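Okay, so here's the structure we're looking at.
Nothing in this text is a laboratory measurement; each read-out follows from the coordinates by a stated rule. Predicted, not measured: the structure shown is a model, and the values here were computed from it. A quick note on method: Cβ atoms are made from the backbone with ideal geometry, for glycine too, and the neighbour counts reach across all protein chains shown.
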Amino acid sequence: MLLIAFVWVAVLLLGGGIALDRTLTSLVTRNFEDQLNYMLTAMVASAEVGIDGDVLFTRPLGDQRFLEPNSGLYWQISGKGHEDYLSRSLWDRSLKLGGNVTDAEPHVYDSDQFRDEPLLIIERTVILPGSKTRWQFAVAASRTDLDAQINRIRAILIWSFVVLALGLFVMAVLQSYYGLSPLRRVRRAIAAMRAGGGSRLSEPLPLEVQPLVEEINGLLAHSERQAEEARTHAGNLAHALKTPLTVVMNAATAHAPDLADTVIREATVMRRQVDHHLARARAVGRRAGGMSRARVWDSAEAVERAVTRLYPNVRFDMSGARDAQVAIERQDLDEILGNLIENAAKYGGGSVFVTIDAHPEDISQCDIWVEDDGTGIPESAREKIFARGARLDTGKPGTGLGLAIVRDVAEIYGGSVTLDESEDLGGLMVVLTLPRAIG
């Protein structure tokens, strides 16, 4: 930032200084030339041709320097066949004019014909009344004062721009130092939080960095939630495996005659628990990857084809939006719909109806209804059915983890699962709500 500021200030000041120098130099020089041109016009207006054919002035020129030798201001009138008419200030010298001026316009040029005295000469060709001679009127002035004035202007400009540059550089340094001081305070606050074991940035900080502080606190809260989820997940898995392992250990210690059956039964329970927790872990990992999306209709069709092979006598119907997409991985969506549709086929009366995007006017959520014509679930038992291992119909095979997995995975992606009564089929209606994929 400082390097860019220094370079930019230097470029701007250099360009501005050059432009201002040229402008002021041009103005001073033009003013000097205008004064000489005024004197030349006064000479022409005062000149006339005498009886002997020479030029004379009807009135004296006003500037006293024309009468002082080597004063730095001179005039001269030259004509072919006539002696040069010189100002007293030239003394024993004369001007070497351009000699090639034929028009009546004034011509200005520099000359170094006088040693150590550079001149600025303005000359003009004039034909006076009563004379056929082309007279060359010229006024010359020393450039010493003009150059000294230009040098003074340039010195003032240089020092002014140097002071301005230093001031701007100091301002840029101070602006960067104080402008970035809130970030240094954030850094110190993070270091203090890490050293002191804090969990949030609570130090009062300027408004400019408050959004950054909020994002950091949000990130810390997210990390805490993930750590807490991991601890809870590990604790649940350990608790779920503890009882089957204890049963197996007791049976093995007692040399129970049904040890093999006990091991198989308890291993099945442990496998169910491991599958459930692995499903949660996979969902959390995929959610962290971000940018997940899946087309609901394609997933539902794939699940329907698989479930039809298991329950060939069940009639499946689907309706709704074919292009509806949700922000969830396809594998997790297949697992959720697979559990819901399989449960509807297993516990229903033979009909399963799936409605995709039941409320298309909701641009943030996508509702998926899975209805069956079974006996349904009493309202008092609808919340209990989501508990791990909970089963209302123990006469049919199952693990009791299907709805628990569905709700856990849906909530990981920011969705929800609720149970209701189907108005069309009379059985259970599962309302699965998932975030809609935007874009």
For the chain, what class follows from the C-alpha gyration tensor (a ≥ b ≥ c being the square roots of its eigenvalues): rounded when a/c is under 1.5, otherwise prolate if a/b is larger than b/c, else oblate?
-> prolate
The range 109-160: chymotrypsin sites (Phe, Trp or Tyr not before Pro) falling in loop per DSSP and having at most 13 other Cβ within 10 Å | none
Everything considered on the Cα gyration tensor (a ≥ b ≥ c; rounded for a/c under 1.5, else prolate if a/b is larger than b/c, else oblate), the range 111-169 must be described as prolate
How about the range 14-104: which GluC sites (Glu not before Pro) there are in a DSSP loop, with at most 10 other Cβ atoms within 10 Å of their Cβ?
-> GLU83
Using helices alone, what [θ] at 222 nm do you get for the chain, with -39,500 (n - 2.57) per DSSP H run of 4 or more residues, divided over all residues and rounded to the nearest 500?
-> -17500 deg cm²/dmol
If every Lys and Arg gets +1 and every Asp and Glu gets -1 at its Cβ, then about the Cα centre the chain yields a dipole, in debye to the nearest 20, of 1440
DSSP-assigned coil residues among trypsin sites (Lys or Arg not before Pro) in the range 133-163, each with at most 16 further Cβ atoms within 10 Å | ARG134
How high is the FRET efficiency between VAL431 and SER181 when r is their beta carbon distance and R₀ equals 60 Å, given to the nearest 0.05?
-> 0.70
Please identify the helices of the chain, taking whole runs of DSSP H, that span at least 27 Å along their own axis as judged from the Cα atoms and have a mean Kyte-Doolittle score of 1.0 or higher.
-> 2-46, 144-179
Added length on full extension, which subtracts the Cα-Cα distance from 0.36 nm per residue, ARG305 to MET171 | 41.0 nm
For the chain, the count of lysine pairs 8 or more apart or interchain whose alpha-carbon atoms are under 20 Å apart comes to 5
